[in-house]
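J.: Shown below is the structure under consideration.
A short reminder: the numbers here are calculations on the coordinates, not readings from a lab. The structure displayed is predicted, hence computed values, not measured ones. Every residue, glycine as well, gets a Cβ built from its backbone with ideal geometry; the counts of neighbours run over all protein chains shown.
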Amino acid sequence: MPADKSLSLLEEYTQAHGISGHEDAVRAIFVREMRGRTLSADGLGGVLAAPAKDAKGPRVVLTAHMDEIGFLVQEITPSGFLRLVPIGGWPDGVISAQRLRVWARAAQREFIGIVVALPPHQGGAQAATVDKAYVDIGARSREAVLQLGIRPGDPVAPDGPFTPLAEPGLYAAKAFDNRVGMTALTLATHQLQAKPTPNQYLALATVQEEVGCRGATVAARLAKPDVVIVLEGPPADDVPGMNPAESQGSLGAGVQVRAFDPTAIMNPRLVDLTLQVAAERGIPCQLAVRRTGGTDARSFQANELGVPVIVLGVPARYIHTHNAVIDVADLKACVDLAVALVRKLDAKTVAGLTAVL
């Protein structure tokens, strides 16, 4: 796929309004891009794309989650301000004075809101946590807000435009966690369609990862995988305050191969195979053993009697804020490694990942 198409797809995915439980706009892009494949869905909204023709071999699932962190409207004050509840993990202190996108479900219309912040003239005390924040959409009363179609329970996403930065290949946007994974999933699927794979290749877009990997638990039952490759947008650690000598997620250093996090111990044989494939193909990668965080891998590996899982990530600075930063060279490396790994997973190789007796 041409580079300009990759960037336009990445921009479209990032700008889609899709917090956990409200992934409709992201799902519509994925469904459009999976035309020609057989589609099915689970009851939470995850979508499985399978080849149109019957394939043989192990069921190899390449997957990414569609949702982003955000908020729900919790309350409308008498003077027309919105109160919020967080959906997913928000660091303290990052939302004051930020712009938000409020999706009025009843009106099928979006409104821009500003998180209230006081200037120094008035004390300058800002809301450190979401429960103390108020959002100004430019309405003067609760009745005015209701007339616009905004209700409690409506989803709210950050407003973080897709923006090229100083050096070529670096971009900022909201929701790289995990729209960069969704972009990699889509691009890899397009490449894999060029010729048959030695397996039943399945592309799976899940929901509600940011609120406890709930969607993957359900989607695993739909996909029935024999092996899973999770595509993610993990936090980069090449920023001030971190030790650069210990970085396992640097922008421009390649796709991150995760061997461990507190929620999942990746199949060691699959980790070794992934690193071997990367070396054979000259694909830049960086091995990560994480002290914090988690992904859908935890849900997939616990499916049925156990499934070998690996996580491939495009490192992103400042995730879970309005503006994350990636290097698209890492996205290319992620797609290249995902495609090469899928093509390596024939029946004998997959069986060998779990042979212990």
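J.: Report Rg(Cα)/(2.2 N^0.38 Å) for segment 253-357, keeping two decimals. Please report the intermediate quantities before stating the final value.
T.: Details: Rg = 14.3 Å, N = 105, 2.2 N^0.38 = 12.9 Å.
It is 1.11.
J.: Would you please give the residues with an amide H less than 5 Å from that of Ala253, counting only those at least 5 places away or on a separate chain, with H modeled from the backbone geometry?
T.: The list, which skips near neighbours in sequence, is empty: none.
J.: For Gln74, what residues show an amide H to amide H distance below 5 Å, using hydrogens built from the backbone and excluding near sequence neighbours?
T.: Arg83, Leu84, Val85, Gly153
J.: Using the Cα centre of the chain as the reference point, and only Cβ charges (+1 on K/R, -1 on D/E), how large is the resulting charge dipole? Debye, rounded to the nearest 20. Kindly include the intermediate steps, with their values, before the conclusion.
T.: Numbers: 34 positive and 36 negative charges, 173 e Å.
For this selection, approximately 840 debye.
J.: Which far-off residues, 5 or more places away or on another chain, put their amide H under 5 Å from the one on Ile265, with H placed in the peptide plane?
T.: none
J.: Using only the alpha-carbon atoms, how far is helix 176-192 inclined from the longest principal axis of the chain? Give it as 0 to 90 degrees, nearest 10.
T.: Helix 176-192 sits roughly 40 degrees off the main axis of the chain.
J.: Enumerate the calculated ³J(HN,Hα) couplings along segment 82-98 in order (Karplus 6.51 cos²θ - 1.76 cosθ + 1.60, θ = phi - 60°), each rounded to whole Hz, writing x wherever the residue is Gly or Pro.
T.: With coefficients 6.51, -1.76 and 1.60, one gets 9, 9, 10, 10, x, 10, x, x, 9, x, 4, x, 9, 9, 4, 6, 7 Hz.
J.: Additional query: Once phi is turned into ³J(HN,Hα) by the Karplus curve 6.51 cos²θ - 1.76 cosθ + 1.60 with θ = phi - 60°, what whole-Hz value does each residue of segment 46-57 show in order, with x for glycine and proline?
T.: x, 10, 10, 10, 10, x, 5, 9, 4, 10, 10, x
J.: Just the Cα atoms of the chain, one point each, no solvent: what log10 I(q)/I(0) does Debye give at q = 0.08, 0.13 Å⁻¹?
T.: Log-scaled intensity ratios, in q order: -0.39, -0.98.
J.: Another question, then. Starting at the first residue of segment 226-231, write each ³J(HN,Hα) from the Karplus equation 6.51 cos²θ - 1.76 cosθ + 1.60 with θ = phi - 60°, in whole Hz, x for Gly and Pro.
T.: For segment 226-231, the Karplus curve yields 9, 7, 10, 10, 8, 9 Hz.
J.: Cα-Cα over 28 Å: which of Lys5/Lys56; Lys174/Lys332; Lys53/Lys344; Lys174/Lys195? Write out the running numbers ahead of the final one.
T.: Working: Lys5/Lys56 31 Å; Lys174/Lys332 19 Å; Lys53/Lys344 20 Å; Lys174/Lys195 34 Å.
Beyond 28 Å: Lys5/Lys56; Lys174/Lys195.
J.: If you average 1/r across every pair of different Cα atoms in segment 1-144 and take the reciprocal, what Kirkwood value do you get, in Å? Could the numbers behind the result be given before it?
T.: Working: mean 1/r = 0.0551 Å⁻¹.
Computed over Cα pairs of segment 1-144, the Kirkwood hydrodynamic radius comes out at 18.1 Å.
J.: For segment 70-158, report the convex hull volume of the alpha-carbon atoms normalised per residue, in Å³, without decimals. Could you put the intermediate results ahead of the total?
T.: Details: hull volume 7.3 nm³, N = 89.
So the per-residue hull volume is 82 Å³.
J.: Mind checking which aspartates and glutamates have their Cα closer than 14 Å to the Cα of Lys348? Skip sequence neighbours fewer than 8 apart in that chain.
T.: The reachable aspartates and glutamates, counting only those whose Cα sits under 14 Å from Lys348, are Asp226.
J.: For segment 158-210 and segment 309-326, what is the centre-to-centre distance using only Cα atoms, to the nearest Å?
T.: Between the Cα centres of segment 158-210 and segment 309-326 lies a distance of 11 Å.
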